[in-house]
Amino acid sequence: MNSTATRRTRLRPKLVGAPPRELFTEGVLPIQVVPNGRVRGHTLVRSLSVQLTYAAIDATFVCLVGAAMVALRFGLADPAQRHVFSQVAGHAYAGFFLLYAALVVLGCANQNLYRTPRDRSVFDESLMVARAVGAATALLILFVFITGYSDISRIVVLSAGALNVLTLSGWRYFKRRRVLSRSAGGIGVSRVLIVGAGRPGKALATWFEDNPHLGYHVCGFLDTKSSSDPRVLGTLKDLRTIALTQFADELFVTLPADREMVKTTVIQARELRLGLKLLPDLYDGLGWRAPLHTIGGFPVMDLQWQPIPAVGLAMKRAFDVLFASFILVLLSPFLLLLTVLIRLDSQGPVLYIADRVGYKGNRFRCFKFRTMCVDADARKEELRAENEREGPFFKLEEDPRITRFGRWLRRTSFDELPQLWNVLRGEMSIVGPRPHPVDDYARYSLENLRRLDVTPGLTGLWQVTARNSPSWETNMALDLEYIENWSIGLDLKILFKTIPAVLRAEGR
């Protein structure tokens with residue numbers, strides 16, 4: 001299932017353009033297809049900060065274009081002309097184009113241009129930009145005409161309007177190209193399971209595979225019965241196991257589907273915090289108030305939807321980068337001193353670099369100051385029988401592999417300072433569940449996989465409340481409590497509790 005060749009297998013019927021009309025007849029999908037890009041609820045979740053940034057970019061371009069048009073109209077490249085161009089006229093144009101920028105932003109917001117669906121075409125988006133700019137330009141010309149304000153050149157207004165259409169459409173085009181390239185690289189892609197391996201389900205999978213810019217990767221199918229098709233991962237009874245092992249983000253339920261099955265699936269999706277969309281029915285009232293929209297021309301209805309705290313996550317990432325950068329610069333002399341002391345204490349490299357398992361099961365190279373002898377990994381299995389922790393987590397109080405200086409590094413947690421580089425790379429966060437080695441991950445139970453739903457961190461709820469507890473269940477319960485109740489405030493609370501724990505040298 002995870003091989004590139006299998007992912008690229010094309011299921012029939014192959015879709016080109018809009019989904020085939022027969023999918024919406026014969027009682028399969030009795031819903032009228034709504035045109036792309038203008039349906040409220042179809043847009044991707046965008047944080048307020050991103051929308052404000054887009055609006056600021058639009059306003060900046062409008063003002064720059066206005067300044068350029070005024071300079072061309074009055075020949076302001078010539079110093080003599082700049083002197084003739086009165087200060088009063090300059091202030092009039094400045095206020096005029098600030099008003100113009102505000103009207104353009106309002107027009108773009110009215111056209112829903114700050115919540116761009118991935119399947120909106122470049123032509124459609126450019127047409128919407130033209131409508132927004134055209135309306136703003138018409139209002140300004142009307143304002144000039146009614147007030148008789150002769151200091152404002154109509155030629156400047158019209159030429160600025162035409163150039164604004166090109167400029168605002170142009171930067172959106174390059175933004176879209178970047179989004180598509182990130183999707184092609186697997187960034188921001190939602191992993192989905194399709195419930196129902198019949199004709200509609202396979203057609204939907206083909207649509208997603210043929211249109212990777214939509215941001216969906218199909219992990220496989222679930223069906224009511226077993227199948228020899230390698231893409232059918234199991235039956236509906238296996239939903240929990242498959243959803244966790246595949247790190248699924250969303251479920252798509254395709255018709256025909258049993259009503260009771262769908263209601264059961266909704267309950268499981270809520271427990272697993274999965275998004276759930278279906279090609280739709282009302283299902284005994286579950287879908288009465290659910291938003292109905294289209295994805296790639298397929299009508300879908302959200303029955304279970306977990307809103308992404310996009311602003312909070314953006315703030316968390318910004319804090320991670322700023323905090324990690326500040327600490328690395330501030331402690332650089334101290335890090336250099338630790339490097340020298342590790343070299344003097346024992347033979348071997350200064351850094352211990354090993355694979356860890358992070359968000360959604362992705363492996364990454366984790367950096368730490370070396371606290372053990374160079375053959376520590378080779379000796380781990382022979383010591384596993386003496387493990388003092390429960391579950392897959394391995395820990396020995398008097399580990400014979402730890403060096404003299406390494407023991408002090410562990411007690412102060414200074415051995416983890418190089419992981420600030422992992423934070424800058426986006427592989428870790430300042431606060432989150434600790435990343436585990438690959439061999440410990442291989443011993444996870446099914447429920448343990450839920451701790452990988454978030455980015456791992458340098459410190460976390462477990463570290464500041466039960467760091468020395470041998471109970472794996474306690475570790476997991478605290479990690480899941482953090483995931484379920486995450487907020488910026490909780491991160492700050494954990495961070496403030498970490499500082500005295502480090503000063504007391506409570507690590508082991």
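No lab work stands behind these numbers, since they all come straight from the coordinates. Because the structure is a prediction, the values reported are computed rather than measured. Note that we place each Cβ from the backbone using ideal geometry, even for glycine, and neighbour counts take in every protein chain shown.
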Seminar exercise, completed: Taking a crude spin-label model, label points 7 Å out from Cα along the C-beta direction, the V438 to E481 distance in nm is 3.3 nm
Exercise. If you stretched the chain out fully between L313 and D229, how much longer would it get, using 0.36 nm times the residue separation minus the C-alpha to C-alpha distance?
Worked result: 26.4 nm
Problem set entry | Residue-count net charge about Y482 - beta-carbon cut-off 10 Å; Lys, Arg +1, Asp, Glu -1 | -3
Exercise. How do the peptides 453-465, 374-386 rank, highest first, by the average count of neighbouring beta carbon atoms within 10 Å per residue?
Worked result: 453-465, 374-386
Seminar exercise, completed: Counting sequence-distant residues (5 or more places) and residues on other chains, those with an amide H built under 5 Å from that of H217 are S190, R191, V192
Exercise. L52 to L72: FRET efficiency via 1/(1 + (r/R0)^6), r the Cβ-Cβ distance, R0 30 Å, to the nearest 0.05?
Worked result: 0.45
Seminar exercise, completed: Put in order of increasing Cβ neighbours within 10 Å, starting from the fewest, T60, T167 give T60, T167
For this session: Kindly put S159, S325 in sequence by how many other C-beta atoms sit within 10 Å of each C-beta, fewest to most.
Result: S325, S159
For this session: Please give the contour-minus-distance gain from R467 to R363: 0.36 nm per residue of separation, less the Cα-Cα distance, rounded to one decimal in nm.
Result: 35.0 nm
Problem set entry | For the range 337-351, 3J(HN,Hα) per residue [Karplus equation, 6.51 cos²θ - 1.76 cosθ + 1.60, θ = phi - 60°, Hz, x = Gly/Pro] | 5, 4, 4, 5, 5, 5, 4, 6, 6, 7, 6, x, x, 6, 9
Exercise. Once both labels are modelled 7 Å past Cα along the beta-carbon direction, what's the L139-I155 spacing in nm?
Worked result: 2.7 nm
Problem set entry | Reachable lysines, given that their alpha-carbon falls under 19 Å from the alpha-carbon of K360 and they are not under 8 places away in the same chain | K316
Problem set entry | Cα gyration tensor, the range 311-503 - rounded (a/c under 1.5), prolate or oblate | oblate
Problem set entry | Under-5 Å amide H pairs with V195, H placed in peptide plane, nonlocal only | L222, F252, V253, T254
For this session: Using a cut-off of under 20 Å, list every residue of the range 424-441 whose amide N is near the label point 7 Å from the Cα of L322 along the Cα-to-beta-carbon line.
Result: 424-432
Problem set entry | Spin-label pair D375/K263, simplified geometry with 7 Å Cα→Cβ offset, distance in nm | 6.4 nm
Exercise. Rg/Rh for the range 380-480: what does it come to with C-alpha atoms and Rh from Kirkwood?
Worked result: 0.95
For this session: Determine ³J(HN,Hα), in whole Hz, for all residues of the range 165-173 in sequence, where each value follows from phi through the Karplus function 6.51 cos²θ - 1.76 cosθ + 1.60 and θ = phi - 60°; x replaces Gly and Pro.
Result: 4, 5, 5, 5, 6, x, 5, 5, 4
